[in-house]
Structure formats: structure tokens, C-alpha cells
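Throughout, read-outs are computed from the coordinates displayed, never taken from laboratory work. Only a predicted model underlies this, so the values are computations on that prediction, with no experimental measurement involved. As a convention, Cβ positions derive from the backbone with ideal geometry for all residues, glycine included, and neighbour counts pool all protein chains shown.
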Amino acid sequence: MEKQFRSVAQLSDLPPGTCLSIELPEAGIALFNVKGEVFALDNTCPHAGGPLGEGCLTGDLVACPWHGWKFNVRTGACLKNPSPSWQVTRYETRVVNGEVQVLLPISQSSSTTKSLGNEGVGAAHETA
Ligand code: FES
């Protein structure tokens, strides 16, 4: 499947130590800033669907806001159930001109240019 980088957020909306939920028409994306490195996972926790981008980020681990399962944001691995079937999909990221871009499959809805705005962007969450 063909993929392309798409801008999904402004880096200024994702300070180090925070995470962010982004709802796109085709997927929910969780963004994480670990000391300036940006990572992206599928936003849906494999346990019961909690929004990982609204979790608590500590180092490179995010705790799901619903039941606290922890995931490595670099790999998507689940600490509680390390089997690959519980691993969260990881997306490649890059930052270009202050915009966070995520490598996503090209779909009909993503092939049109959209303004970024704040639509679908959740609040950044401070962590300890
Ligand atoms: S929904 Fe994420 S730990 Fe339960």
C-alpha cells in the first residue's frame, strides 16, 4: 500500500513530555514528544479502546487513561501483554517546518488537501 507523510499537528502543540490525540477520518493517531523526539501510535488501546493520546507519558512509556496498561511509544509494545497481538501499530514521523507529519497509507479521503486548524485535535496532556 502506498504511503505519504501528512501534517497532523503543530509541534508547538506537543511540548516535550506531552501527548496528543488526533482524529483523522481514516484513523486515530496518538502523538508523543519524548525529549524532543516525536512518536506516533494508533490511538486505540488494544485492551478496550482507550485513547492512548490522552494517557500519561512518562519517559517513553504511555499509560492508557482507562485502565493504565503501559505501552512503549517507540515500539508500540505492551508491557502487560508483550505478545505481538497486543502491540499497537506504530507510524513513522518527521517534523517539517514546525509541523508534525505522520506516514499514513494514501486513501481517497487523505488525497485531498485539508487545512490543519484545530479540528480533531485534542488537548496536550502534561505528565509528571
Ligand atoms: S482500554 Fe487501555 S488499558 Fe484498558
Under-5 Å amide H pairs with residue 28, H placed in peptide plane, nonlocal only: 43
Return 86, 69 ranked ascending by Cβ neighbour count within 10 Å, so the fewest neighbours appear first. 86, 69
The summed charge of the residue 64 Cβ neighbourhood (under 14 Å; Lys/Arg +1, Asp/Glu -1) stands at 0
Dipole in debye (nearest 20) - segment 1-100, about Cα centre, beta carbon charges: Lys, Arg +1; Asp, Glu -1: 320
Set of segment 1-38 residues, backbone N closer than 13 Å to the point 7 Å along the Cα-Cβ line of residue 92: 1-6
Round to a whole angstrom and tell me the spacing of the C-alpha centers of segment 6-27 and segment 56-77. 16
Segment 3-105 - convex hull of the alpha-carbon atoms, volume per residue in Å³: 86
